[in-house]
Amino acid sequence: MILTEYFRKNALRRQRSSIPTTILPLGKVSSAIAFIDVEDPSFNECKNSLMIFFRENKIKGEIFFFDLRRIGKGERLITSVTNTILKRDLNWYGRPSSEKLAWLDSFQEVDMLISLLPDSSFLSIFTAGYCKARCKVGRVQLRGGIFDIVVADPSGRTLSEAESFEAMKTILKKIQ
């Protein structure tokens, strides 16, 4: 456990993006990446809502999927392998493979990251910190103060990804 924590802290320190972040008005956002969890029941609704939001606001948007389920022999992957982090893409201490990080790196000058991941796991912290976006929006503030805007679930209630994104859209549209 101590060795795992050492490697995780080292990876977070060494591979965190050095690009300064700030709150950006929606009108200045031309490209975005969204992180969503495939295991959320509202996954399809959320994916469609994100694509509509990107189209309506003339944002070149990409969605990066997190699918850490155990996939059986008869099951098929419901997202593209290219932009999905699977359990097998993680190394022994939980860092995504170089191939997945290269995919994230392929987006030069990303303006906004929208993370709809509801937890503060190492994978969430690492990928949000690694992403080279100029503005980062999330549901839970992560260790190190990664997000510029946090739209938290109301106390006593856990929102689905789709509900959480609807709340984020309302706030993002108000920022001028």
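The values are calculated or read from the model by the stated rules, or taken from the named source; none is laboratory data. Remember, predicted model here, so these are calculated numbers, not experimental data. Here the Cβ is made from the backbone with ideal geometry for all residues, glycine too, and neighbour counts use every protein chain on show. Quick note on the areas: whole protein, heavy atoms, side chains included, nothing else; ligands and nucleic acids left out. Shrake-Rupley method; radii C 1.70, N 1.55, O 1.52, S 1.80 Å.
For the stretch 1-23, residues that are within 17 Å of the chain's Cα centre (by Cα) and within 18 Å of Phe107 (Cα to Cα) total 5. Taken across the stretch 125-146, residues that are more than 19 Å from Glu62 (Cβ to Cβ) and among the aromatic types (Phe, Trp, Tyr) do not occur at all.
Take the conditions (1) touching a residue at least 60 places away in the same chain (Cβ under 8 Å); (2) of a type outside the set (A, V, I, L, M, F, W, C); (3) more than 23 Å from Lys169 (Cβ to Cβ); (4) open to solvent by less than 20 Å² (accessible area, probe 1.4 Å); Lys100 misses just one of them, which is (1). The set of residues in the stretch 11-36 that are closer than 30 Å to Trp92 by Cα and open to solvent by less than 40 Å² (accessible area, probe 1.4 Å) comprises Ala11, Leu12, Ser17, Ala32, Ile33, Ala34, Phe35, Ile36. Criterion applied to Arg70, Arg95, Arg8 was being more than 23 Å from Ala152 (Cβ to Cβ), among the charged types (D, E, K, R) and loosely packed, with under 11 Cβ neighbours inside 10 Å, and the one residue passing it is Arg70. Considering each residue of the stretch 50-59 in turn, none proves to be over 17 Å from Leu172 (Cβ atoms) and among the β-branched types (Val, Ile, Thr).
Let me confirm something: among Asp111, Asp153, Asp119, Asp105, which residue is among the acidic types (Asp, Glu) and at pLDDT 95 or above?
Answer to the check: Asp111.
Does at least one position in the stretch 44-61 carry a residue that is open to solvent by 40 Å² or more (accessible area, probe 1.4 Å), among the aliphatic types (A, V, I, L, M), modelled with pLDDT of 95 or more and under 16 Å from the mean Cα position of the chain (by Cα)?
The answer is yes; a qualifying residue exists.
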